[in-house]
Amino acid sequence: MGKREIDRKFDDIVAFAEIEKFIETPVKHYSSGMYVRLAFAVAAHLEPEILLVDEVLAVGDINFQKKCLGKMGEVAKGGRTVVLVSHQLNQIRRLCERVAWVDGGTIRKLGATHEVVSAYESAMARDRSLSNGDNSSGDRQAERETLTKARFLHWEIAGLNPEASHILTHLDP
């Protein structure tokens, strides 16, 4: 954000993060929860094309979680993409149209939310029965090895100034 944008959004970010009482406290003295609240508030107010959210709802009280869910819904309804990483199936059901179930770096299933969440729940139930001695479901590791691996080969963070762009490339040998 530029200086003008920061000035324009500052009060909204502080209010969203609910850190008004601590605004004069250096961030290095914030608790981890306060830090995550502030980070989410800043990220959500950046108006990004893609908002990556990794377990942000694991912190804060229920009211803050609801506020985060509402903000992610606003971002998505505004035509932008929200990528949510979560183990909370109810949040996934409420927020997501499409889901990727990633297990050990492997995409186990990709598709409509209800299909992927149902498959995940079934697999977890099977795993529980296997751990109780029932081996009728077969070898889960063998199933994993037949699925496609996911990896990022190239990321580019491009701004208005091409000289300020950042490119990260990773290619396995």
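Take the Cα of Ala39, step 7 Å toward its Cβ, do the same at Arg4, and the gap between the two points is 3.1 nm. Taking other C-beta atoms within 10 angstrom as a stand-in for reagent exposure, His45, His87 fall in the order His87, His45, fewest first.
Dimensions of region 1-87 based on its C-alpha atoms, expressed as ranges along the principal axes with the largest first, amount to 35, 33, 19 Å.
Bridging of Lys21 to lysines at a Cα separation below 28 Å is possible for Lys3, Lys9, Lys66, Lys67, Lys71, once same-chain residues fewer than 8 apart are set aside. Computed FRET efficiency, Cβ-Cβ of Lys77 and Ala125, R0 35 Å: what is it to the nearest 0.05? According to the calculation, E is roughly 0.55. Looking at region 12-108, the GluC sites (Glu not before Pro) that sit in a DSSP loop and have at most 15 other Cβ atoms within 10 Å of their own Cβ are Glu24, Glu49, Glu55, Glu97.
Quick note: the coordinates plus some simple rules give every number you see, no bench work behind them. Remember, it's a predicted structure, so these values are computed and weren't measured experimentally. Positions of Cβ are backbone-derived with ideal geometry, glycine not excepted, and every protein chain shown enters the neighbour counts.
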